[in-house]
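Below is one structure, written out as structure tokens; the observations come after it.
Read the figures in this text as sums done on the coordinates, not as results from a lab. None of the values given here were measured: they were computed from a predicted structure. Note that each Cβ is placed from the backbone with ideal geometry, even for glycine, and that neighbours are counted across all protein chains shown.
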Amino acid sequence: MSKELMQKNIAKAQREIDEKKEIIKNGKMRQHYHFMPQTGWMNDPNGLIYYKGKYHFFFQCNPYYGFWDYMHWGHGVSDDMLHWEYLPLALAPSESYDDHIRGGCFSGSAIEHEGKLFLMYTGTTKEAQGFVQTQCIACSEDGIHFEKYEGNPVLTAPKGIAPEHFRDPKVWKHEDTFYMVCGGSCGQKGQALLYRSKDMFHWSFFNVMAESRGEWGYMWECTDFYPMGERYVLTFSPMGAGEHTAMYLVGDFDYETGKFHSWINGEIDWGFDYYAPQSFQAPDGRRIMVGWANEWEWMPLWKDWGPAYQEGWCGSFNFPLEVRMREDGTLQFLPIAELETLRENPRREDSFLVTETEKELAAGDGVSFELKMKIDLEHTDADRLELVLRGGEGKKTVCLFDFRKAEMSVDRNESDGWSRGVSRSVMYLKGKSELDVHILSDQSSLEIFTNQYQNNHSNNIFAGNEQNQLKIRTYGGTALIREYESYGLKDCFRRGENSHVNDKEDERNG
Ligand code: FRU
């Protein structure tokens, strides 16, 4: 029974996508090189994996409207994580354990086993006691069409864990055993719960890997765990922890006892729009992490779901990042090198002096661009350096480096008449001779990476093509810029260039 109903629900949602996608793809806020849904709402990255020669990204989505509701799993494949072919939806709610009307098939992960692609996800349902979340499995032989396991759910919330807060399984295999880390809430404290299994279908609780003492919220969403060299990394998105949207812990892990001892913690991103990141290993060994470029905490404040929603879609992924570990155990998050293949129209300047008189900078068309530069701190006596991004027609987004306070901020109160807030972070600059800055600007997002990719701000802004000016100036002295490079970035979704994608889709649809 389960097979037919899910296929029916997928076909229905797919028709909805096909009807709207040609109109929605022309929306003014559509991104040029960030992954986004064809239609409707998107949130977390799910099931990221390199499988049978392609990158597969699945994602939480509501294909019907541009707001969060009744979750399906969308699916795209790519050779480079930049150009995407959309595949049919992978999962749709269809069973008693995953068809909660305000729920559906929640987040999870993917693993290859005996040549097949397994998805492990959270089913949400309503039982007498309320909203219940359990862990479920779906499997595919071709990496496109999935069937839910008839023995679902394979795992229910243990005693003490709130059944409405037990979700987002991330699975991996170590030697001959499968492991899963799952987010939970125990006595109003967020936790990362570790499970193990010999066959992926029967799981036993192993340990609590880490938990909030209140400072990191009441529930940890989208926990992830992986090795980096000799050490291990645990990441999570805490609910109810203010502006902490994605955190990491680094430490030692013992497979014998299931104990994770961490001594380093850090913020993955200081901006407003980085949430629920998931990682996977690329075939060349890189650890790639992708986040959802949005954030729940802001939503109750929203008057509506925003400018993208009005175009019939909402949400994109942050640009994929490569995770690296420094000697001291702290992490760096760098845009993947594939980005360079999108570069066009390069501009370079060895060095120039910035004064209190505003200077225009050139980078692509001022909308979709990449900019890299170094601020020579030894030859800078200014108090502050200001970058105006996406300026024009009375609008602007201001990135400010305050050298006295060692603070960086991104102010989007005048970005677009809709976005707001100032994201701030403090940088450790003592003894440093330069500060590196790397910016990725797309139609509706700005990602700013500084301080060795340890101080990153991802913020959505819904600015139009008229907001294409880029300016720089100082306050209270001058600043020396070195190694300025900028590039336009090619559009990965434009029809024509990408027409083979549509051809393939047509072929598949018969
Ligand atoms: C994180 C999250 C997950 C959940 C999913 C529902 O953004 O709340 O915990 O599985 O989104 O769409």
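Here is the link list: Lys54/Lys173; Lys28/Lys396; Lys148/Lys198; Lys3/Lys25. Which ones come out longer than 27 Å on Cα distance?
Cα-Cα > 27 Å for Lys3/Lys25; rest within.
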In degrees between 0 and 90, to the nearest 10, how far off the longest principal axis of the chain does helix 499-508 point, with axes built from Cα atoms? 10
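List the trypsin sites (Lys or Arg not before Pro) within the range 375-479 that DSSP assigns to loop and that have no more than 10 neighbouring Cβ atoms inside 10 Å.
Numbers: sites: Arg384, Arg390, Lys395, Lys396, Arg404, Lys405, Arg412, Arg420, Arg424, Lys430, Lys432, Lys471, Arg473; in loops: Arg404, Lys405, Arg412, Arg420, Lys430, Lys432.
Qualifying residues, ordered by number: Arg404, Lys430.
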Cα point-scatterer Debye curve for the range 52-185, base-10 log of I(q)/I(0) at q = 0.09, 0.12, 0.14, 0.21 Å⁻¹: -0.26, -0.47, -0.64, -1.31
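Listed highest first by mean packing, meaning other Cβ atoms within 10 Å per residue, what order do 193-204, 115-126 come in? List each step's numbers first, then the result.
Details: 193-204: 16.6, 115-126: 22.0.
Descending mean neighbour count gives 115-126, 193-204.
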Helical contribution to [θ] at 222 nm, DSSP H n ≥ 4, -39,500 (n - 2.57), averaged over the chain, rounded to 500: -2000 deg cm²/dmol
Treating each Cα of the range 88-130 as an identical point scatterer and ignoring solvent, apply the Debye formula and state log10 I(q)/I(0) at q = 0.18, 0.19, 0.21, 0.26 Å⁻¹. -0.57, -0.62, -0.71, -0.91
For the range 101-200: relative contact order, % (alpha-carbon pairs under 8 angstrom, 6 or more apart): 21
Percent of Cα-Cα distances greater than 18 Å, calculated over the range 393-476: 43
Test of understanding: ordering Trp41, Trp73 by Cβ neighbours within 10 Å, fewest first, what list do you get? Trp73, Trp41
Calculated on alpha-carbon atoms, Rg and Dmax of the range 292-406 in Å: 18.1, 49
Pair-distance profile P(r), taking every C-alpha pair of the range 324-469, with 5 angstrom steps and integer %: 2, 9, 18, 22, 21, 17, 9, 2, 0, 0
Cleavage-rule hits (chymotrypsin sites (Phe, Trp or Tyr not before Pro)) in the range 390-450: DSSP loop, at most 11 neighbouring Cβ within 10 angstrom: Tyr428
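Going by how many other Cβ atoms sit within 10 Å of their own, how do Asp442, Asp491, Asp18 line up, fewest first? Before the final figure, lay out the partial values.
Working: Asp442 24, Asp491 18, Asp18 13.
Arranged by neighbour count, lowest to highest, Asp442, Asp491, Asp18 become Asp18, Asp491, Asp442.
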Where the convex hull is taken over the Cα atoms of the range 116-173, what is its projected area averaged over directions, in nm²? 4.8
Roughly how tilted is helix 2-24, in degrees to the nearest 10 and between 0 and 90, from the longest Cα axis of the chain? 20
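With 10 angstrom as the radius, rank His261, His165, His145 by how many other C-beta atoms surround their C-beta, starting from the fewest. Walk me through the numbers on the way to the answer.
Working: His261 12, His165 21, His145 16.
Listing His261, His165, His145 from fewest to most nearby Cβ atoms yields His261, His145, His165.
What percent do you get for the relative contact order of the range 426-496 when only Cα pairs under 8 Å and 6+ apart count? Don't jump to the answer; show the numbers that get you there.
Values: 51 pairs, mean separation 12.8, N = 71.
It rounds to 18 percent for the range 426-496.
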In Å, what Rg and Dmax follow from the Cα atoms of the chain? 22.6, 72
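State which entries of Lys52/Lys170; Lys52/Lys374; Lys21/Lys359; Lys21/Lys116; Lys170/Lys372 exceed 32 angstrom in Cα-Cα distance in the structure shown. Before the final figure, lay out each step's value.
On the way: Lys52/Lys170 20 Å; Lys52/Lys374 40 Å; Lys21/Lys359 41 Å; Lys21/Lys116 30 Å; Lys170/Lys372 34 Å.
From the list (Lys52/Lys170; Lys52/Lys374; Lys21/Lys359; Lys21/Lys116; Lys170/Lys372), the Cα-Cα distance tops 32 Å for Lys52/Lys374; Lys21/Lys359; Lys170/Lys372.
Defining a contact as two alpha carbons under 8 Å apart and six or more residues distant in sequence, what relative contact order in percent does the chain show? Kindly include the intermediate steps, with their values, before the conclusion.
Numbers: 1393 pairs, mean separation 67.9, N = 510.
Relative contact order of the chain: 13 percent.
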